[in-house]
Amino acid sequence: MPAAFPQFVAPFRAFLDKIPPTGRVVVFCHFDADGLGAGAVFGRGLQRINAEWQVEVLPSGKGENAFLTPSVREKLLALKPDALIVTDLGVHAHGTLEADGVPVLYVDHHIPEGYPPVGSTMLTGYGLDPVPCSAWLAYELIAAEVEINDLQWVAAIGIISDLGDSAPWPPLAQTKKQYTAKWLKEAVALCNAARRAGEFDLDRPLQHLMADDNPRPLAQDTVLAEYRAEVSAALQAARRLPPRFPKASPDAAPVALITLDSPCQIHPLIAQQWIQRLPDRVVLCANLGYLPDGQIAVAGRTANRGLHIPDLLRAAFARTGAVPPTNFAHGHPQASGGHLSAADFEHLLRGLGYEV
């Protein structure tokens, strides 16, 4: 059967050829369902390509940026990788371990923020039609090397999470029939509940994805179900919080602000829910309780294609003569944000036209 992405077959094989016969490969993946699905497909698939490779799958941590958080490099180097795969975490000109002589492969579908340094390989779905998410890409890359039909359910969890259960992935219909759409959707929900809950327990869903032969054990995990209940309760409370608007003036930004205090990662969901009610504004949701170090997590969403959230956020800092931190105001025109200190959050609010 021909490869789904023939243009990626040779560069992927060239990357694999750089791994020593008994080498150590670290797969660094995002913590959502697509990232965990991609990480697990690589984790299980690489060991089928070469059983002698030592493969470790490591999800990103709460509040981490793969390229701009200094501790990430130290954490990855401590694992002593002979090769590194970075998936569903974006692509950035800063790179990761290229300067340390480690071959790096980026597998992603987000807008690249520059080309990574020499010593890396970038395989991105961005610009393809349709745009394949990271778990889709991971599956097709491994499938071009070795038989992994039994791992289609793992890839499907990431694909359904990012692209919906009508995603244009050719094996999806058969995968839903074989494993039942019910259990796949439930597994997706519980994967995402694990990273949204205050416990931030990524090991539990990842262990299921790495060891099980179907999605049902993951979908019926009682601890994960408790996480989902926790997130649901936090969402219900946060939905009652009213938005605040800047003081009316010619310079006021077209924003609305919702402030909450929760250990759960619900701020992107609250921002998303409000954009239908406020379609002419950027909705910013600031969570004071999500990050452990006193930083404030800010999620911005808008339904207005005429608004560009990263530009709006950077302009707000510029109005106060301040500069946003390097890991803030990236992402997409309609979905952006990041993490701010209390002082930087105050700069942002002043620049948006709020009285602080």
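The values are calculated or read from the model by the stated rules, or taken from the named source; none is laboratory data. Here the structure is a predicted model, which means the values were calculated and not measured. Please note: Cβ atoms are built from the backbone with ideal geometry, for glycine as well, and neighbour counts cover all protein chains shown. Each accessible area value is taken on the protein alone, full model and side chains, heavy atoms only, with ligands, DNA and RNA left out. Shrake-Rupley method; radii C 1.70, N 1.55, O 1.52, S 1.80 Å.
Restricted to the range 237-278, and to residues there that are at pLDDT below 95 and not polar (S, T, N, Q), the residue that is nearest to ALA335 (Cα to Cα) is ALA253. For the range 141-161, the criterion of a residue being more than 28 Å from ALA51 (Cβ to Cβ) and touching a residue at least 12 places away in the same chain (Cβ under 8 Å) is satisfied by at least one position. One residue alone among LEU46, LEU58, LEU84 is of a type in the set (A, V, I, L, M) and in a helix (DSSP H, G or I), and that residue is LEU46. The numbered conditions (1) more than 24 Å from the chain's Cα centre (by Cα); (2) surrounded by 18 or more Cβ atoms within 10 Å (Cβ to Cβ); (3) not in a loop (DSSP other than H, G, I, E, B) are all true for ILE19 except (3).
For the range 23-40, does any single residue satisfy the condition of being surrounded by fewer than 16 Cβ atoms within 10 Å (Cβ to Cβ) and outside any loop (DSSP other than H, G, I, E, B)? Checked the range 23-40: no residue is surrounded by fewer than 16 Cβ atoms within 10 Å (Cβ to Cβ) and outside any loop (DSSP other than H, G, I, E, B). ARG204 falls short of the stated requirement of being under 30 Å from LEU307 (Cα atoms), open to solvent by 20 Å² or more (accessible area, probe 1.4 Å) and of a type outside the set (Ser, Thr, Tyr). Among the residues of the range 124-147, those that are surrounded by fewer than 20 Cβ atoms within 10 Å (Cβ to Cβ) and either small (Gly, Ala, Ser) or over 22 Å from LYS185 (Cβ atoms) (or both) comprise TYR126, GLY127, LEU128, ASP129, ALA144, GLU145, VAL146, GLU147.
Test each condition in (1) within 22 Å of TYR139 (Cα to Cα); (2) open to solvent by less than 50 Å² (accessible area, probe 1.4 Å); (3) without any contact (Cβ under 8 Å) to a residue 24 or more places away in the chain for VAL223 and report the one that comes out false. Result: VAL223 fails condition (1) only. For the range 99-112, residues that are in contact with a helix residue (DSSP H, G or I) (Cβ under 8 Å, 6 or more places away or on another chain), assigned to a strand (DSSP E or B) and free of Cβ contacts under 8 Å to residues at least 60 places away in the same chain total 2.
Considering only residues in the range 329-356 that are within 27 Å of the chain's Cα centre (by Cα) and of a type in the set (Ser, Thr, Tyr), the one that is most open to solvent (accessible area, probe 1.4 Å) turns out to be SER341.
Being open to solvent by 20 Å² or more (accessible area, probe 1.4 Å), aliphatic (A, V, I, L, M) and over 22 Å from ALA303 (Cβ atoms) is not true of ALA252. Could you please tell me which pairs satisfy a Cβ distance under 9 Å, a separation of 6+ or placement on different chains, a first residue in the range 345-356 that is touching a residue at least 24 places away in the same chain (Cβ under 8 Å), and a second residue that is open to solvent by 30 Å² or more (accessible area, probe 1.4 Å) and polar (S, T, N, Q)? If the second residue must be open to solvent by 30 Å² or more (accessible area, probe 1.4 Å) and polar (S, T, N, Q), the pairs left are PHE345/GLN295; HIS347/THR320; LEU348/THR320; ARG350/THR320; GLY351/THR320; GLY353/SER249.
Residues that are over 21 Å from ALA329 (Cα atoms) and either open to solvent by 10 Å² or more (accessible area, probe 1.4 Å) or outside any loop (DSSP other than H, G, I, E, B) (or both) within the range 87-98 comprise just one, GLU98.
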